[in-house]
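The values are calculated or read from the model by the stated rules, or taken from the named source; none is laboratory data. The structure displayed is predicted, hence computed values, not measured ones. Because the Cβ atoms are built from the backbone with ideal geometry, glycine has one as well, and the counts that use them run over all protein chains shown.
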Amino acid sequence: MRNLPEARVARLAECHKEQKAGYGQHTSPFPRHTAPFLNVLIEMEKDAKSHYTIHFTYKALSLLAKHCDLEDPEQVRTFIAKMNVSSGYKRNLCIAYNKFCKYYKISWNMPTYHPESKGIKIPTKEKIEMLIANAKKPTSIKLQISKETGLRPIELCNLRVKDLDLEQRLIYPTTAKNGASKILKISNSLKETLQEHIDTHKLNPDNRLFKGNSEDYGKHYRAMRNALADKLHDPTIKTIRLYDLRHYFATTLYAKTRDILLVKQQMGHKKIETTLIYTQLLNLNDDEWTVKTATNVKEATELLEAGFEYIQDIDGIKLYRKRK
């Protein structure tokens, strides 16, 4: 199973009860290996854990159950240790398995993995627009949303039509990772594209905006991206991840506003420390500025209210600039 959609935990529980009541294993549409940890997922749902957390725990325990006996902690420890993956991913697998052990009161010494410190890369505006132009719908629409809103892939793919207020060009997403709520503004061109998408597919307010999940989004994006990189003989394009569009949004927003609290709110961060990373990533081109001048208080006030920042005074004329 590649995804755990809404209400799946409840359905899994029903299937588990049917099996206990005497139904054969073949009556369940879910893999046999899910049974040992159904109760863990149900308990997480009762504890109001986010869909994102439940979904990852499901995938992690599914992976471990395919290769290990979940009741044998040492076997799980050994398997995780030998995996050719990042320390951060190993840590997340351990956290998921720890939930299983805690529920079933299995004693184990959880290994400590420290996630590697990775630098955040910001793709250029030109390459992002190149990717959007090269993608087919609906991937191109998703990429435009990612660029303009900084939504996580899972947040984007969970959007429903009713989460959009196209009249005011606003998106009200459900945040992942129990993040803070946010309201995101979109461009007029994206508004028109979304309206056309909704009309073409005859979507109702409760319908998901796009079919598929974040894994599908990532798969289609990578295939398109890699094909474009090969076509243009530009291997750097292959290094642009979906999350880099989120980083691009945060960095450009901070560059335009210098308002770290606004960036924190728009990104849905809980901690300001997470947002502060983007204050160090202003590697945008210097030619992306609009420059204005002011000769009196009224003009200066209007420029400041429009988001311009004061630079210097030359011969009595004040210079202001703002990112394009």
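The residue that is modelled with the highest pLDDT, among those in segment 106-131 that are within 17 Å of Leu232 (Cα to Cα) and β-branched (Val, Ile, Thr), is Ile128.
Just one of the listed residues (Lys99, Lys49) is at pLDDT 90 or above and on the phi < 0 side of the Ramachandran plot, and it is Lys99.
Conditions (1) under 15 Å from Thr149 (Cα atoms); (2) part of a helix (DSSP H, G or I); (3) not basic (Lys, Arg), marked per residue:
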site: Lys202; (1), (2), (3): no, no, no
site: Gly212; (1), (2), (3): no, no, yes
site: Lys219; (1), (2), (3): no, yes, no
site: Lys238; (1), (2), (3): no, yes, no
site: Leu262; (1), (2), (3): yes, yes, yes
site: His269; (1), (2), (3): yes, no, yes
site: Lys292; (1), (2), (3): no, no, no
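Checked against (1) assigned to a helix (DSSP H, G or I); (2) without any contact (Cβ under 8 Å) to a residue 60 or more places away in the chain; (3) among the hydroxyl-bearing types (Ser, Thr, Tyr), Ser146 meets all criteria but (2). Residues in segment 82-94: is at least one of a type outside the set (Ser, Thr, Tyr) and within 19 Å of Asn39 (Cα to Cα)? Yes, some residue in segment 82-94 is of a type outside the set (Ser, Thr, Tyr) and within 19 Å of Asn39 (Cα to Cα). I need a count of the residues in segment 294-319 that are at pLDDT 75 or above and either part of a strand (DSSP E or B) or within 34 Å of the chain's Cα centre (by Cα) (or both). Total satisfying the criteria: 9. Exactly one residue among Met110, Met130 is not aromatic (Phe, Trp, Tyr) and not assigned by TED's automatic domain parsing to the domain that holds Ser187, and that residue is Met110.
Of all the numbered requirements in (1) over 19 Å from Lys102 (Cβ atoms); (2) within 26 Å of the chain's Cα centre (by Cα); (3) modelled with pLDDT of 75 or more, Ala10 misses one, and that requirement is (3). Residues in segment 230-274 that are aromatic (Phe, Trp, Tyr) and under 23 Å from Ser214 (Cβ atoms) were compared, and the one that is surrounded by the fewest Cβ atoms within 10 Å (Cβ to Cβ) is Tyr243. Taking the condition in the same structural domain as Ile183 (by TED's automatic domain parsing), outside any loop (DSSP other than H, G, I, E, B), buried (at least 16 other Cβ atoms within 10 Å of the Cβ) and not acidic (Asp, Glu), does Leu151 pass? No: the conditions fail for Leu151. If only one of Lys182, Lys136 is outside any strand (DSSP E or B), surrounded by 19 or more Cβ atoms within 10 Å (Cβ to Cβ) and in the same structural domain as Ser214 (by TED's automatic domain parsing), which one is it? Of the residues listed, the single one that is outside any strand (DSSP E or B), surrounded by 19 or more Cβ atoms within 10 Å (Cβ to Cβ) and in the same structural domain as Ser214 (by TED's automatic domain parsing) is Lys182. Counting only residues that are polar (S, T, N, Q) and in contact (Cβ under 8 Å) with a residue 60 or more places away in the chain, segment 212-235 holds 2 of them.
Candidates Asn109, Asn84: the one that is more than 27 Å from the chain's Cα centre (by Cα) and loosely packed, with under 14 Cβ neighbours inside 10 Å is Asn109. Each residue in segment 68-87 was checked for being without any contact (Cβ under 8 Å) to a residue 24 or more places away in the chain, touching a helix residue (DSSP H, G or I) at 6+ places or on another chain (Cβ under 6 Å) and under 13 Å from Ile106 (Cβ atoms), and 2 of them qualify.
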